[in-house]
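The values are calculated or read from the model by the stated rules, or taken from the named source; none is laboratory data. Owing to the predicted nature of the structure, the values given are computational and were not obtained by experimental measurement. Every residue, glycine among them, receives a Cβ derived from its backbone with ideal geometry; neighbour counts consider all protein chains shown.
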Amino acid sequence: MASKGTQASWLGLRHLTLMVIAFLMLVPFYWVIKTAITNENIYAYPPNLLPQNPHLFNFVDVWYLIPFPRYLLNSIIVSAIAVAGNVVFNAMAGYALTRQFAGRNVVLALFLSCMLIPFQATIIPAYLITAKLGLLNTYFGLALPMLSTIICIFVFKAAFEAVPRSLIDAARLDGLSEWRIIMRVLMPLSKPAVATNVILTFIWSWNNFLWPLLITRDPLMQTLPLGLARFLSYMEDTTGALYAFAVMVLAPSILVFLMAQKEFIRGLTSGATKG
Amino acid sequence: MNHWWSSRWFIVPGLMLLVIVGWWLYVGQHDNGLIEGRVVDAAGQPVAGATIRIFDRGFVTHQERGQTESDAQGRFRITDNTSHSVQLEAETAALGRSERLEVRLWFAAQDARLEQPLRFKTKP
């Protein structure tokens, strides 16, 4: 049996390793923030490790030089629609997959196989369907491909399967419909799955570039990633304002993640172990 | 018992909303587009009758959008600034042009009283 001293030194070494890895992962973030609050060029040599003459005016420039508030509003609306759609539709699909029905395994296999197909391969049919529905250049059109995602369906399925069967049977005996069982019994017991859905969908929708690029016609319907590309094409440099824009695009998704990270981690690990 | 108002999903957005509303109110009270300052020569003496030009910031250049004149004490007042980032320049026939003074503001049309005067390099 290892002595307490050996255990403590192993623990210290492990923490030191984790700190070094965390530091290495945070360096790019630090560099972006440092560049955003100075006027230094990111390729300046020799680089300054600490920000020289820091200021926040780059953020003001971003706010006024392009229609940033409009892009922000567009991104918020599209992400809100995508998050709402994911929570509702994925919960319904996840619940259906916990039930026994003919062809269930085929549906599961179909879902799993669809995960192998990249979005780029289905983007033309997706565009044609959106056009047929008359949703090009609209918020619903922007959110349409994100309204339900297979990974998040499986997150709900795993969470619902962890709820004791007897609880659902009791709810059914009390006269609850299937829809009310989802809303009143399963959803309150699956908060980590809801948080996981919210975070993943929000981040995916927030960072989505290709789909908004294809279906927006009006510059005022563009979302933040498109605005970032447009800003880059105007500025054509690698100084503070561009990185201030990147920080402003990143900040909301980091905030959502920080707020829901506890449930998110619980949601990802629920169903990982049985018993 | 956990109340909905003690949830971080209420507190964090609520605080953000409060800050945003507070900021809007502050901006609403201070966005009259006033910029006040002084023009001095190389000796620090006020320059009367200098033409003050204001340049708005575009993406890569600054464009002239107006001008005014300094009074007998060398003071000037711009009343219609709409930008968040401007440059100011003074000019007289005798002294030529001053160096441009960059003025960065926290929001568009923010009222500002400049501490640093517009300074000519040459003496009269």
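Do you know which residues across the stretch B:3-34 are in contact (Cβ under 8 Å) with a residue 24 or more places away in the chain and small (G, A, S)? Passing the criteria: only B:G33. Take A:I168 and tell me if it is touching a residue at least 40 places away in the same chain (Cβ under 8 Å), assigned to a helix (DSSP H, G or I) and surrounded by 14 or more Cβ atoms within 10 Å (Cβ to Cβ). Taking the combined requirement at face value, the residue does not satisfy it. Contact annotation: residue pairs with Cβ atoms under 7 Å, 6 or more positions apart or on different chains, pairing a residue in the stretch A:56-71 that is within 9 Å of chain B (Cβ to nearest Cβ) with a partner that is buried (at least 19 other Cβ atoms within 10 Å of the Cβ), are A:L56/A:I37; A:V60/B:H84; A:D61/A:A241; A:D61/B:S85; A:Y64/B:H84; A:I66/A:G227; A:I66/A:F231.
Restricting attention to the stretch B:70-124, which residues are more than 14 Å from chain A (Cβ to nearest Cβ), buried (at least 19 other Cβ atoms within 10 Å of the Cβ) and not aliphatic (A, V, I, L, M)? B:S70, B:G74, B:F76, B:E89, B:T92, B:S98, B:P117, B:F120, listed by residue number.
Only residues that are among the acidic types (D, E) and either buried (at least 20 other Cβ atoms within 10 Å of the Cβ) or free of Cβ contacts under 8 Å to residues at least 60 places away in the same chain (or both) were counted across the stretch A:171-206, and they come to 1.
Considering only the stretch A:215-236, how many residues are within 13 Å of another protein chain (Cβ to nearest Cβ) and either surrounded by fewer than 13 Cβ atoms within 10 Å (Cβ to Cβ) or at pLDDT 90 or above (or both)? Total meeting the criteria: 2. Put simply, of A:L73, A:L26, A:L56 the only residue that is farther than 30 Å from A:M221 by Cα, surrounded by 10 or more Cβ atoms within 10 Å (Cβ to Cβ) and modelled with pLDDT of 90 or more is A:L26.
Put simply, of B:R53, B:R57 the only residue that is more than 30 Å from A:K191 (Cβ to Cβ), surrounded by 11 or more Cβ atoms within 10 Å (Cβ to Cβ), away from chain A (no Cβ under 14 Å) and of a type in the set (K, R) is B:R53.
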